[in-house]
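See structure below.
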Amino acid sequence: MGLWRRIYLPAILKGLSITLRHVFRRKVTLEYPEVLPPVPRGSRGTHRLNKDELGRERCVACFLCATVCPSRCITIVAEEAPAEWPDRDKRPRVFDIDMLRCIFCGYCEEACPCDAIELTPKFYPVGTRREEFVWTKERLLSN
Amino acid sequence: MAFVEELNEFVYTTRIGRLVDWARKNSLWPMPFGTACCAIEFMATAASKYDLARFGAEVLRFSPRQSDLLIVAGRVSIKMMPVLIRIYEQMPEPKWVISMGACASSGGVFDTYTLVQGIDQFIPVDVYVPGCPPRPENLIDGIIRVQRRIETGESPASALGPLRAEQRCTENRRSPWAPLDPRVPHALPPATPGL
Ligand code: SF4
Ligand code: SF4
Ligand code: SF4
């Protein structure tokens, strides 16, 4: 190494010039907690159980979503639908999703024959206890 | 006493602990324990677009002795767990733990014989960040949650001692159609009256 290379000045100046160039470039940092970044199309977040025109849940407790779910985080307990609902035999008594185990793959949405379950683009909130992440039917219906 | 009253007029008293907490909160040094894909998302969070430096948490230390926030990002296998416990024990108190992603928090899709079904069975976890992988926004939320925990003087999970059995989520929720696994309790939740 010659003296010119040994004093490292050219390398330092080159590095500093890159830094200087980036100072005047467009800023890329998102101010996240203050400004919400745009959610990409098709983004998959927390689940929602849809309701039909009469305000009943669309789900007929067919267990297809629970069967296809790769992380097996959906717990459904079926019961007989009330007599005044002639279009279906069953409805879910319990419909729990463990959001901590869910990988938001969207297979449940694809499998559902009744469009009853859907993934919204909403973020899933962080939490401090595992029990917080088990979303019950009421919470899923109102999401 | 009169002197003290006089002093009170121009001296504000506060707890030094508040100042320490404020300093701690704004200078979390994370120790990334990245074993899988979640670590990639953690890198994205630390990079310029999301920029953890805005929260004072950009000094990633790969030595547990210099850090106070353990971010477990990724799958932790049963063979890896002693290493993680060792790293956790080497961190100086007070320390906080973020369990990032479905795998670290609960095992996620990998309900297999090799994988720890949630690191909280072995080390106390302060904040869970769900998702596979969590978006950087979610991880930032998690870090803000840790900061709030420090700010409000909530003791870190590490100070609460070993976990009690009922604090862990012992019930491994699975579909009733899943093949029965003798390791996992399969009791379904009790019937809710009036539903
Ligand atoms: S998104 Fe995927 S992992 Fe989550 S409940 Fe649906 S099928 Fe299961
Ligand atoms: S949500 Fe859809 S797939 Fe799942 S049980 Fe209900 S109807 Fe069946
Ligand atoms: S939660 Fe998903 S992204 Fe994170 S380590 Fe597990 S499989 Fe990878």
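Here are the numbers for this structure:
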{"item": "Condition broken by A:CYS65, with the remaining ones in (1) in a loop (DSSP other than H, G, I, E, B); (2) within 12 Å of ligand 2 (Cβ to nearest atom) satisfied", "result": "(1)"}
{"item": "Qualifying residues in segment B:38-73 (those that are open to solvent by 80 Å² or more (accessible area, probe 1.4 Å) and within 14 Å of another protein chain (Cβ to nearest Cβ)) - the one farthest from B:ILE119 (Cα to Cα)", "result": "B:LYS49"}
{"item": "Filtered residue count, segment A:46-56, keeping only those that are within 16 Å of ligand 1 (Cβ to nearest atom) and within 14 Å of another protein chain (Cβ to nearest Cβ)", "result": "3"}
{"item": "Residue in segment A:109-118 that is out of contact with any helix residue (DSSP H, G or I) (no Cβ under 6 Å at 6 or more places or on another chain), more than 10 Å from ligand 2 (Cβ to nearest atom) and at negative phi present", "result": "no"}
{"item": "Residue list for segment B:78-128, filter: open to solvent by less than 40 Å² (accessible area, probe 1.4 Å), of a type in the set (Phe, Trp, Tyr) and touching a helix residue (DSSP H, G or I) at 6+ places or on another chain (Cβ under 7 Å)", "result": "B:TRP96, B:TYR128"}
{"item": "Per-region count, segment A:93-107, residues more than 9 Å from chain B (Cβ to nearest Cβ), surrounded by fewer than 24 Cβ atoms within 10 Å (Cβ to Cβ) and over 12 Å from the mean Cα position of the chain (by Cα)", "result": "1"}
{"item": "Residue count for segment A:122-143, restricted to those that are in contact (Cβ under 8 Å) with a residue 24 or more places away in the chain, open to solvent by 50 Å² or more (accessible area, probe 1.4 Å) and either within 11 Å of chain B (Cβ to nearest Cβ) or under 15 Å from A:VAL68 (Cα atoms) (or both)", "result": "2"}
{"item": "Scan of segment A:35-53 for residues that are touching a Phe, Trp or Tyr at 6+ places or on another chain (Cβ under 6 Å) and either basic (Lys, Arg) or surrounded by fewer than 12 Cβ atoms within 10 Å (Cβ to Cβ) (or both), ordered by number", "result": "A:ARG44"}
{"item": "Residue that is least open to solvent (accessible area, probe 1.4 Å), among those in segment A:1-34 that are of a type in the set (A, V, I, L, M, F, W, C) and in a loop (DSSP other than H, G, I, E, B)", "result": "A:LEU30"}
{"item": "Answer from A:CYS112, A:CYS69 - the residue that is out of contact with any Gly (no Cβ under 6 Å at 6 or more places or on another chain) and closer than 21 Å to A:GLU132 by Cβ", "result": "A:CYS69"}
{"item": "Filtered residues of segment A:106-135 (kept if part of a loop (DSSP other than H, G, I, E, B) and within 11 Å of ligand 1 (Cβ to nearest atom))", "result": "A:GLY106, A:CYS112, A:TYR124"}
{"item": "Residue check for A:ILE103: modelled with pLDDT under 90 and either within 15 Å of ligand 1 (Cβ to nearest atom) or of a type in the set (S, T, N, Q) (or both)", "result": "no"}
{"item": "Single condition A:LEU64 does not satisfy, out of (1) within 15 Å of ligand 1 (Cβ to nearest atom); (2) within 15 Å of B:PRO134 (Cα to Cα); (3) within 11 Å of chain B (Cβ to nearest Cβ); (4) out of contact with any Asp or Glu (no Cβ under 9 Å at 6 or more places or on another chain)", "result": "(2)"}
{"item": "Among (1) out of contact with any strand residue (DSSP E or B) (no Cβ under 8 Å at 6 or more places or on another chain); (2) at the interface with chain A (Cβ under 7 Å from one of its Cβ atoms) - the single one B:TYR128 does not satisfy", "result": "(1)"}
{"item": "Test: residue in segment A:28-35 that is within 9 Å of chain B (Cβ to nearest Cβ), closer than 30 Å to A:LYS137 by Cβ and either within 20 Å of the chain's Cα centre (by Cα) or in contact (Cβ under 8 Å) with a residue 40 or more places away in the chain (or both)", "result": "no"}
{"item": "Condition met for B:ILE78 (more than 16 Å from ligand 1 (Cβ to nearest atom), over 11 Å from the mean Cα position of the chain (by Cα), at pLDDT 85 or above and more than 10 Å from chain A (Cβ to nearest Cβ))", "result": "yes"}
{"item": "Segment A:68-81, subset part of a strand (DSSP E or B) and more than 7 Å from ligand 1 (Cβ to nearest atom), residue surrounded by the most Cβ atoms within 10 Å (Cβ to Cβ)", "result": "A:ILE76"}
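The values are calculated or read from the model by the stated rules, or taken from the named source; none is laboratory data. Model, not experiment: these values are computed from the prediction. Glycine also receives a Cβ, built like all others from the backbone with ideal geometry; neighbour counts cover every protein chain displayed. Ligands, DNA and RNA are excluded from the accessible area calculation, which covers all protein heavy atoms including side chains. Shrake-Rupley method; radii C 1.70, N 1.55, O 1.52, S 1.80 Å.
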